[in-house]
Amino acid sequence: MAIERTLSMIKPDAVAAGNQWAILEHFRESGLNVVAIKRIHLTQAQAQAFYAVHAERPFYGSLVKFMTEGPIYAQLLEGENAVAHHRAVMGATNPAEAAEGTVRKLYATNIERNACHGSDSLKNAAIESAFFFSGSEIVALG
Ligand code: CMP
């Protein structure tokens, strides 16, 4: 299987609850390694831009408000089949539908306040990685 990189975010709900390190460890124990990471409080403009693909959806305004209510952690994770693997470890978008043992089943509150985000394709992983990290902030594993 190919080694890939995927953009992962731990959202304001999970950070406010102090669950960021447990979630990060969950990802790491599943075989995903951190090649870049930052703690950042998104501005409204940044959250709007990150989720621009959802601009026409009814939940967009609420999502932007949620994503700016406190700091997040953004990390670039590397591992085998990382995009699909990370999404499987996160679980379904709606925690009510997430499988037992997934991050969202363990830590999310509802479909909006769902603890984490992961890129949905290799193409979007590259776009979302560039949103948070410059080349020199990404350090390959030795
Ligand atoms: P994420 O995987 O980051 O992608 C888009 C986000 O929008 C999603 O997680 C949720 O936080 C939010 N979202 C998706 N669907 C809904 C919905 N039906 N109602 C409210 N928020 C949603």
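Quick notes on this structure:
- The calculated P(r) of region 1-78, using every Cα pair and 10 Å bins from 0, goes 18, 43, 31, 7 in percent.
- Note on Ala22 and His41: the extension gain reaches 4.9 nm, defined as 0.36 nm multiplied by sequence separation minus the Cα-Cα distance.
- Pair Ile111, Ala55: separation of 7 Å Cα→Cβ label points (nm): 2.3
- Max mean-square fluctuation residue, GNM over the chain, Cα-Cα springs under 10 Å, options Ser121, Ser62, Ser129: Ser62
- Amide H contacts of His41 (H built 1.01 Å from N, in plane; Pro and chain starts excluded): Ile72 sit under 5 Å, all sequence-distant by 5 or more or on other chains.
- Sequentially through region 66-79, phi angles give Karplus couplings (6.51, -1.76, 1.60; θ = phi - 60°) of 4, 6, 10, 7, x, x, 10, 10, 10, 9, 9, 10, 10, x Hz, Gly and Pro residues having no value and appearing as x.
- Label-point gap, in nm, between Ile127 and Ala88 - each point 7 angstrom along Cα→Cβ: 2.5
- Of Leu24, Gly61, Gly135, farthest towards positive along the dipole that unit charges on Lys, Arg, Asp, Glu beta carbons give the chain: Gly61
- Based on Cα contacts under 8 Å between residues 6+ apart, region 1-121 shows a relative contact order of 40 percent.
- Per-residue SASA entry for Lys105, accessible area with 1.4 Å probe, Å² rounded to 10: 80
- Placing +1 on each Lys and Arg Cβ and -1 on each Asp and Glu Cβ, with no other charges, gives the chain a dipole about its Cα centre of roughly 220 debye.
- Scattering curve values for the chain, log₁₀ I(q)/I(0), Debye with Cα scatterers, q = 0.12, 0.19, 0.22 Å⁻¹: -0.43, -1.17, -1.58
The values are calculated or read from the model by the stated rules, or taken from the named source; none is laboratory data. Keep in mind it's a predicted model, so treat the numbers as computed, not measured. Neighbour counts run over all protein chains shown; Cβ positions are idealised from the backbone, glycine included. These accessible areas exclude ligands, DNA and RNA; they are computed on the full protein's heavy atoms, side chains included. Shrake-Rupley method; radii C 1.70, N 1.55, O 1.52, S 1.80 Å.
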